Every structure is written in structure tokens, then in C-alpha cells.
Amino acid sequence: MSGVSIPDATPPSGRPDTVLAAAQDVALAAAREEAGLHGRVGAHLGVVPAHASAGAKAARHAFACEDPGYVGWYWAVELVRAPRSKRVTVDEVVLLPGPDAIQSPEWVPWAERLRPGDVGPGDVLPTAADDVRLTLRQADTEGWIDDTLWLELGLGRARVLSPDGREQAVERWYDGESGPDSELARSAPKPCGSCGFYVGLTGVLGRVFGVCANEWAHDDGKVVSLDHGCGAHSEAMVLPSAHPAPLQLDDEAMEPVGVGAHSAGSVDDEALGEPGGHS
């Protein structure tokens, strides 16, 4: 059978049964019936022996599938007949992929397919009840956990970050573009920890991470490490204001100042630095 393989099982060796091999019209009618009005059954590709129950004979006919959505697939029609009987019976009709068939990739569970950024507006992302990144609230765990470094109050929340969840987040943030080894951080004049736009996180993560609040910075609104940095550091370059506030003088707050023995309303020429005072 040229260009056709049977992926489900290896067919028996030898030639197919003569009666079943000659029943090509029966196989074609069965394939067309299974394909329906919109199916496209093409040319006969051949016939091979097939496995059958004890004593019975079986053969599998193959017809090309001309449906544009199933390139490289074929219709496989299995025919059988009882011992010493000339009556041909259709046992199975199925659409199978050939060696060059276009197939969908191997199925992968959604939890393994998901990537950062895949969750869009209106999407709901479930978390498993046994998600290792989460643990019960402190009130539920403090009886059997003595490591207070990772405990959170968890008020109003059923679960909080577990040690595994926190470690995964720390490694992901610190080793990524938010950490000290990114190209942006290596060329920064100063680290984020000394920037006025740095807003530290609460809890244990706040010892290492915060959020950038500089709208002009590359990481505005993102988590950054203390030793991350960029050129938008608040103290990288401090310039005088381009629009200084006008000087406001309050006449009522001014007090006259007397010079020497002169009255409060007089001014000494020497005080002004001019030669020739009063004689």
C-alpha cells in the first residue's frame, strides 16, 4: 500500500485475503458513508492484511483523504469475513494519519503550557488546592511551624506564599531583568535601594525587593531588587529647577536695621561702600 502506514498495529505479514482484497467497492462505500456529505474520499491507496479474531480473515483498505483540513491523512476501512464464508462485513472505518500527515502537537496540560503574560482581561486562572507555592494562613500553621521568617498574617486570605512559592519568586525576580545582573542594572549609576522612587515591599520580600514608582523609568510599576538600578535614579543627576518659584517679599515682615549712631531711617555711605561720608 504505497504511502500509507498503519500506526496502531503492525499488520500481519503476507498477502491480504483474496475475497476481502477484491471487496474494494464495499470499503469505498463504507468510507464515504463515514465521511458524510462534506467528507472527501479520494483514490484507493492499497490493501494490507489485518489482525482478526481466531479463524476469521481481515484486511484493511486505505483511501486518500482529500479534505484540506486533513492533509496526509487517509481513510482506513477494515473488512472481515467468517471462515468458509464469502460474505464481507465492515468491521471498522477510521481516519488515520499517514507518515507525512499534519497533526496537532502532543497534548500538554494547561498548567505546563501556561506562560507569563498569557492571562488577559477577563481570563480566570485557577490554582490547585495543593499548589506548592501556597500555604495556609499563619493562624492555621503556627501550631506546627516554627520558622517565623516566612510566616505572613494573611488577613482576609485563605492562603499565603509558602517557602517554595517565595523561593521561586525570589529566584525568578533576582535572576531576571529586575535583578542586579541585567544590562540596565550594570550600567546604572546607583542602585534602586538608594533611590527616592523605590517603594519597599512588606514582609520578608521587602528585605530584598521593592517597586519602582518613577514614571520615566524602564521598571515603573515593576518589582525590582535593592541592587537593581537604572539611569532614572533620583540622585543620579540633580539639577536646579528649570522653573524656580518667584521670590516673595513681605514688606510687613521686614525690619529696619540701624548702622552706627545714625537713626534707624538713615544709611551710612561707608556701609554702602561709597567714599565721602557726611562731615
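The values are calculated or read from the model by the stated rules, or taken from the named source; none is laboratory data. A quick note: this is a predicted structure, and the numbers were derived from the prediction, not measured. Glycine gets a Cβ as well: all are built from the backbone with ideal geometry, and neighbour counts include every protein chain shown. We work out accessible area using only protein heavy atoms, side chains counted, and drop any ligands, DNA or RNA first. Shrake-Rupley method; radii C 1.70, N 1.55, O 1.52, S 1.80 Å.
Given the condition under 22 Å from Pro116 (Cα atoms) and in a helix (DSSP H, G or I), answer yes or no: does some residue in segment 212-235 qualify?
No, segment 212-235 contains no residue that is under 22 Å from Pro116 (Cα atoms) and in a helix (DSSP H, G or I).
Could you tell me which of the residues Arg32, Arg87 is at pLDDT 85 or above, assigned to a loop (DSSP other than H, G, I, E, B), farther than 21 Å from Gln103 by Cβ and open to solvent by 50 Å² or more (accessible area, probe 1.4 Å)? Spell out how you get there, then give the answer.
Details: Arg32 fails: assigned to a loop (DSSP other than H, G, I, E, B).
Answer to the check: Arg87.
Considering only residues of segment 35-58 that are exposed (fewer than 15 other Cβ atoms within 10 Å of the Cβ) and at pLDDT below 80, which is nearest to Arg84 (Cα to Cα)?
Gly55
Among the candidates Pro68, Pro105, which residue alone is at pLDDT 85 or above, out of contact with any Asp or Glu (no Cβ under 6 Å at 6 or more places or on another chain), part of a loop (DSSP other than H, G, I, E, B) and over 30 Å from Thr202 (Cα atoms)? Quick ask: steps written out before the conclusion?
Working: Pro105 fails: at pLDDT 85 or above.
After ruling out the rest, the residue left standing is Pro68.
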